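None of the figures in this text is laboratory data; all of them are computed from the coordinates on show. Please read all numbers here as calculations on a predicted model, not as lab measurements. Don't worry about glycine lacking a Cβ; one is built from the backbone with ideal geometry, like all the others, and counts go over all protein chains shown.
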Amino acid sequence: MATLLARLSERQHLALALASAALILTSPWIAMARRIPHGAGALDYGHVGVGFATLLLGMTYGLSCTKNGRWRSYFPWAAGDFGAVGRDLVGLLRARLPAAEGGGLFAALEGLLLVVLLATAATGAAWFFAQGSSAALDWRHYHSLLARGLAALIILHVVSVSLHVVDFIRD
């Protein structure tokens, strides 16, 4: 059963990576403000559809990542554990690569990435349901800010994974 859940989690991760990339890369061509425009195209409707799928997938992935106490790895600060993150930050100042496991800096970065992914998807859904109202532009603004943060965190995540791959190859 554990092997099945691990494979499912890997597939969820891949699906979220691909969906996030598609959403971020196509976002400059999305023409939505207060509502989906009357002449909206496939990119607009695709963005909304993939966004809702990302919200659902992100919630299930979040559950699979945090069950059985694993939330402590991704959110060590929520358990009052700042030691591993602090040690990793000090190690970075000494040009040492943080550990990939153990609830340190990279795991906390992954937890933050998951939270921002969910917040981005949730604000996109809130914008969708607020279409035509005065709140729609506010939700769009929050969604846009969070999407930029998400893109930055994805870049940090890719860099940290790449550093571990390079470190693994060296050893």
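Numbers at a glance
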{"item": "Extension gain (nm, one decimal) between Val158 and Ala40, 0.36 nm per residue minus Cα-Cα", "result": "39.2 nm"}
{"item": "Calculated [θ] (222 nm, deg cm²/dmol) that DSSP helices of n ≥ 4 give over the chain, each run adding -39,500 (n - 2.57)", "result": "-25500 deg cm²/dmol"}
{"item": "Geometric extent, Cα atoms of the range 10-61 - Rg, Dmax (angstrom)", "result": "12.0, 38"}
{"item": "Cα centre as origin, Lys/Arg/Asp/Glu Cβ charges: the chain dipole, Debye", "result": "100 debye"}
{"item": "HN-Hα J in Hz across the range 148-163 - Karplus 6.51, -1.76, 1.60, θ = phi - 60°, x for Gly and Pro", "result": "5, x, 4, 4, 5, 5, 5, 4, 4, 5, 5, 5, 5, 5, 4, 4"}
{"item": "Cβ-Cβ FRET estimate between Glu10 and Leu137, R0 fixed at 35 Å, reported to 0.05", "result": "0.35"}
{"item": "Pairwise label distance in nanometres, Ala126 with Arg72, each label 7 Å out on the Cα-Cβ vector", "result": "3.2 nm"}
{"item": "Whole-Hz couplings from phi, Karplus 6.51/-1.76/1.60, listed for the range 6-12; x for Gly and Pro", "result": "5, 5, 4, 4, 5, 5, 4"}
{"item": "Cα centroid separation - the range 109-125 against the range 138-152, whole Å", "result": "10 Å"}
{"item": "Using alpha-carbon coordinates, inclination of helix 42-66 to the longest axis of the chain, degrees", "result": "30 degrees"}
{"item": "Relative contact order %, the chain, counting alpha carbon pairs below 8 Å whose residues are six or more apart", "result": "21 percent"}
{"item": "Per DSSP, loop chymotrypsin sites (Phe, Trp or Tyr not before Pro) in the range 67-120 with at most 12 further Cβ within 10 Å", "result": "Phe82"}
